[in-house]
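Only one structure is covered here, and it is reproduced in the block below.
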Amino acid sequence: MEKKSNGYFGLPFVLSLIFSAIVFGIIMYFNVSPLHYRWGFKINILLIILFSSYIVFMSLFRRFNAKQFAIVGIGSVSLLILMNVVFFFMTTTVIHSKDYHHLIGEVEERKFESDVAHVDLEQLPTIDKELAGNYADKKLGEIPALGSQVEVGELTLQQIDGKLYYVGPLEHSGILKWFQNREGTQGYVKVSATDAQDVELVTQLNGKDIKLKYLSSAYFNSNVERHAYLSHPTQGIKDYSFELNDEGNPYWVASTYDHTIGLSGEVITGTLIIDAQTGEMQQYTVEDTPKWVDIIQPQSTVEKHLDYWGEYVHGFFNFSNQDKLKTTEGMQVIYNNGECFFYTGISSVGKDESTVGFALTNTRTGETTKYNVSGATETAGMQSAEGSVQNLQYKATHPILINVQNEPTYFLTLKDKKGLVKSYGMVNVENYNLVATGDTLQATLNSYVKALAGKGVQGNLETNGVEKSETGTVERIGSVTTEGNQLFYIVVKEKPNSLIIVPSAVSKEVALTKENDVIDYKYIELPNMDGITVKEFDNKNIDLK
């Protein structure tokens, strides 16, 4: 005979609540994703635990008859399905493609030469993240007692006092090391991105020992992600990076974000800055975040937004791929006029070997600008540079974008099999067959500028660079022909230590110029440049029609 039901409540119901609270509390502690309906995961888990434990305890105490069991079981499953169906329609790109397209904000189109500063060799990063990591490990290895306890953590590229450095914390090398050093590790490493000799292990600040207690390698409440989560359990927090303030104090900088399209549509709202030693934290908006923080918009967020922007240019139902764009492989951090940007090439869907332009996204504000400069992808540029030294079998690093005489240019380093930098390369974005390599930055730049002139490449004079107009008297003149292009080399009496380079394509008068002629010439002054490549040329002694 079937046992009579005692209703839906009672001792089994109370026990199921207690059991659910314990299990969900454990999950809450170890899983640091937000407890918020906009994320969905933990809400699903909570409901599954509640329904399952309720059904199990009610069945164990025989409080359910068959009808009640069916009602609760079917009702629980239906509620879960209904909730997730609602969230699906709130989130899906099929319905919300326009919202996804606009996540990046308004993309302004501008001219490359008006925005990107001319290359400064002294600020050009020649050390990539991999090589910086090797230098940091070597520095740590100089202190065997310390190297056996810790390891160098994830490196962050940051601008400090106008110079570029990779900075990384000393992380625990395992749980046993953490138990032995729960007060914290002994400091951090700074590696210059421009000078291989500038590597520093910092263990003290203002005469006091550094103790980094809150780390990604720490456990329980000392884990930096859990520490932040326990104070902000409903807040989306991502992309923890180790950065130094202006005084060299170590902090963790994380981005806070909300979901704006159902369970997706990530939008950065600000930062959470955590003292790596004390654990004190302060939340900021994007606008109020301290100036020493370079990156507020995480790279993963920017990549998603750009991909959405290019994918849904004409909505979801665009099966012909009309006007669709995509980002090229690899996104790089570049610094321009003191500000930090993410750089990526943009290509048409279906055309993997060339770009239709590139985008720069401000890493603090998220503002994105598109530059319509068609040319080679970063991968094609790397292959071109490697091909110029193929007998040496060097491998190119992923390039960064620079401005050389108003020409968009890929700069990269060429490394041997041991990962050491052996050479440098510059590749023209619009014509990747125009490539120059050299053993030094100066030699590479000189060779590249001459290659530009030899190909008759003329930049736009409307630029924010330093444009100069000068007059001189020719003291010496000579010419050389390279790959069918004629270059004239001139020395004027007024600047005897400067070499003036004039491509024949600039003016018909240069071929008729001789000693003692008076010339007017315009050029763009480049820092550290050995020689002047002329953009406009006029011989005052010749009047050609």
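The values are calculated or read from the model by the stated rules, or taken from the named source; none is laboratory data. This is a predicted model, so every value here is computed, not measured. Please note: Cβ atoms are built from the backbone with ideal geometry, for glycine as well, and neighbour counts cover all protein chains shown.
Among residues of region 430-451 that are on the phi < 0 side of the Ramachandran plot, those with a beta-carbon under 8 Å from a residue that is among the acidic types (Asp, Glu) at least six positions away or on a different chain give the pairs Glu430/Glu407; Gln442/Asp530; Leu445/Asp530; Asn446/Asp530.
Of all residues in region 206-234, count the ones that are under 18 Å from Leu140 (Cβ atoms) and outside any loop (DSSP other than H, G, I, E, B). Here the count works out to 3. Before we move on, is Leu306 outside any strand (DSSP E or B), surrounded by 19 or more Cβ atoms within 10 Å (Cβ to Cβ), touching a Ser or Thr at 6+ places or on another chain (Cβ under 6 Å) and not basic (Lys, Arg)? For Leu306, the condition - outside any strand (DSSP E or B), surrounded by 19 or more Cβ atoms within 10 Å (Cβ to Cβ), touching a Ser or Thr at 6+ places or on another chain (Cβ under 6 Å) and not basic (Lys, Arg) - is met.
Consider region 79-108 and keep the residues that are acidic (Asp, Glu) and exposed (fewer than 12 other Cβ atoms within 10 Å of the Cβ). The one that is nearest to Asp307 (Cα to Cα) is Glu106. The set of residues from region 286-303 being surrounded by fewer than 16 Cβ atoms within 10 Å (Cβ to Cβ) and assigned to a loop (DSSP other than H, G, I, E, B) comprises Glu287, Asp288, Pro290, Lys291. Which residues, counting only those in region 495-530, are touching a Ser or Thr at 6+ places or on another chain (Cβ under 7 Å) and of a type outside the set (Val, Ile, Thr)? Ala511, Asn516, Asp520, Lys522, Tyr523, listed by residue number. Checking each residue in region 148-199 for being farther than 14 Å from Ile210 by Cα and in contact with a helix residue (DSSP H, G or I) (Cβ under 6 Å, 6 or more places away or on another chain) picks out Gln149, Val152, Leu155, Tyr166, His172, Val191, Val199.
Residue pairs whose Cβ atoms lie under 8 Å apart, separated by 6 or more positions or on different chains, with the first residue in region 106-120 and among the aliphatic types (A, V, I, L, M) and the second surrounded by 13 or more Cβ atoms within 10 Å (Cβ to Cβ) and at pLDDT below 85, are Ala117/Asn464; Ala117/Gly465; Val119/Leu526; Val119/Pro527.
Within region 386-408, does at least one residue satisfy the condition of being assigned by TED's automatic domain parsing to the domain that holds Gly425, touching a His at 6+ places or on another chain (Cβ under 8 Å) and part of a strand (DSSP E or B)? Within region 386-408, one or more residues are assigned by TED's automatic domain parsing to the domain that holds Gly425, touching a His at 6+ places or on another chain (Cβ under 8 Å) and part of a strand (DSSP E or B).
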